[in-house]
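> Take a look at the following structure, please.
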Amino acid sequence: MHKRIVTLTLNPAVDASCTTDKVRAVHKVRTTNERYDPGGGGINVARVLNELGAGSFAVYLAGGSPGDVLDELVADAGVMAHRVHIREDTRVSHVVYESSSGQEFRFTPEGPGIHPQEWQAALEFIDMLDFDYVVASGSLPRGTPVDVYARLATLVKRRGARMVLDTSGPALEAALEEGVYMVKPSRGEFAALMGRSLEDPAELEAAARSCVAGGGTEILAITLGHDGAVLATADAFLRLATPKVTARSAVGAGDSFVAGMTFGLSRGESIRRAFALGVAAGTATVLTSGTELCHKSDIDHFWHMLCEECGG
């Protein structure tokens with residue numbers, strides 16, 4: 001019996017999405033295809049883990065009426081969860097797809113300010129759970145210390161478990177100093193961490209190998225958008241191109257990658273096959289519109305294709 005994979009979302013959102021013919025200033029913009037989904041890194045990861053058939057358990061901070069709506073959406077998505085109540089309102093983000101141009105407009109509020117006892121309560125709750133993997137994903141809300149993920153990493157290691165982290169900036173830097181099993185920045189986030197542009201593939205590989213050699217993480221996966229992803233460990237460097245698809249929305253693709261790869265690792269897949277599963281899940285998500293995420297049939301299709309390509 002596999003243990004549930006715990007996810008943490010410190011700055012979740014009610015994700016609203018819709019379609020319009022053209023976004024124009026001043027004019028009333030009529031929309032269709034409205035939908036609302038529970039959002040934020042860890043919650044998205046939990047949704048994809050459920051789609052893959054894994055047990056997930058999402059821990060998140062939420063406040064006000066939007067927080068109540070988020071609870072309903074999380075429950076409707078079939079995600080087992082625990083809400084840590086906060087004083088300020090949870091954010092509501094908007095994704096607008098402009099059908100005339102095929103462009104997507106994403107409006108992401110900064111979200112609520114967090115009091116110390118609120119983020120502390122989330123970590124204390126996680127410490128009471130039984131897990132082999134904890135996935136922390138997303139930006140830090142205002143008022144949260146930059147080392148909050150590093151503190152979580154300490155807790156997870158003390159429990160003999162593994163932590164997967166998807167964040168950026170000082171929060172990522174602090175966590176790497178503490179040591180995390182796996183991290184997944186985008187190329188831009190990794191370039192910012194290393195303090196230089198990493199557009200050249202050889203430079204990217206050298207920087208990735210150097211980061212892992214520094215001991216901050218055992219597995220470094222860097223997503224490259226439509227160019228696929230690369231992965232570095234102490235003894236391997238892998239590249240996978242994204243299968244050619246017509247992208248509808250990139251929302252949640254990185255979270256889906258994290259979910260796919262974590263699921264693979266938790267089920268004892270090789271690093272190579274787990275990496276392919278991550279790319280497959282990310283690719284499957286870009287096929288869906290707005291804030292919808294991937295479907296298992298698409299993930300399985302791409303995973304089989306990618307495993308053949310990488311010899312997994």
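> Among the residues of the stretch 280-293 satisfying the criterion of being in a helix (DSSP H, G or I) and at pLDDT below 85, which is nearest to the chain's Cα centre (by Cα)?
G282
> Just one of the numbered conditions (1) farther than 21 Å from G111 by Cα; (2) assigned to a helix (DSSP H, G or I) is not true of A171; which one?
(1)
> Does S270 count as at pLDDT below 75, surrounded by fewer than 23 Cβ atoms within 10 Å (Cβ to Cβ) and over 16 Å from N50 (Cβ atoms)?
Against the criterion (at pLDDT below 75, surrounded by fewer than 23 Cβ atoms within 10 Å (Cβ to Cβ) and over 16 Å from N50 (Cβ atoms)), S270 does not qualify.
> Considering only residues of the stretch 153-186 that are closer than 21 Å to P112 by Cα and surrounded by 21 or more Cβ atoms within 10 Å (Cβ to Cβ), which is nearest to the chain's Cα centre (by Cα)?
D166
> Just to check your reading of the model, which residue among G53, G78 is in contact (Cβ under 8 Å) with a residue 40 or more places away in the chain and within 21 Å of V6 (Cα to Cα)?
Going through G53, G78 in turn, just one is in contact (Cβ under 8 Å) with a residue 40 or more places away in the chain and within 21 Å of V6 (Cα to Cα): G53.
> Further, regarding this structure: Right, G215: within 18 Å of the chain's Cα centre (by Cα) and either of a type in the set (G, A, S) or closer than 19 Å to R272 by Cα (or both) or not?
When the stated conditions are applied, G215 does not pass them.
> Please go through the stretch 187-246 and pick out each residue that is more than 17 Å from A171 (Cα to Cα), touching a strand residue (DSSP E or B) at 6+ places or on another chain (Cβ under 6 Å) and not small (G, A, S).
Those that are more than 17 Å from A171 (Cα to Cα), touching a strand residue (DSSP E or B) at 6+ places or on another chain (Cβ under 6 Å) and not small (G, A, S): E205, R209, V212, E218, I219, T223, V230, L231, T233, L238, R239, L240.
> A further question on this structure: Residue by residue through the stretch 217-233, note down the ones that are of a type in the set (G, A, S) and crowded, with 22+ Cβ neighbours inside 10 Å.
A221, A229, A232
> Would you please name the residue that is surrounded by the fewest Cβ atoms within 10 Å (Cβ to Cβ), looking only at residues in the stretch 62-116 that are of a type in the set (D, E, K, R), in a strand (DSSP E or B) and modelled with pLDDT of 95 or more?
R83
> Conditions: (1) part of a helix (DSSP H, G or I); (2) of a type outside the set (S, T, Y); (3) loosely packed, with under 14 Cβ neighbours inside 10 Å. R24 meets all but one. Number of the miss?
Failed condition: (1).
The values are calculated or read from the model by the stated rules, or taken from the named source; none is laboratory data. Not measured: the values here are computed from a predicted model. Reconstructed Cβ throughout: ideal geometry from the backbone, glycine too, with neighbour counts over all protein chains shown.
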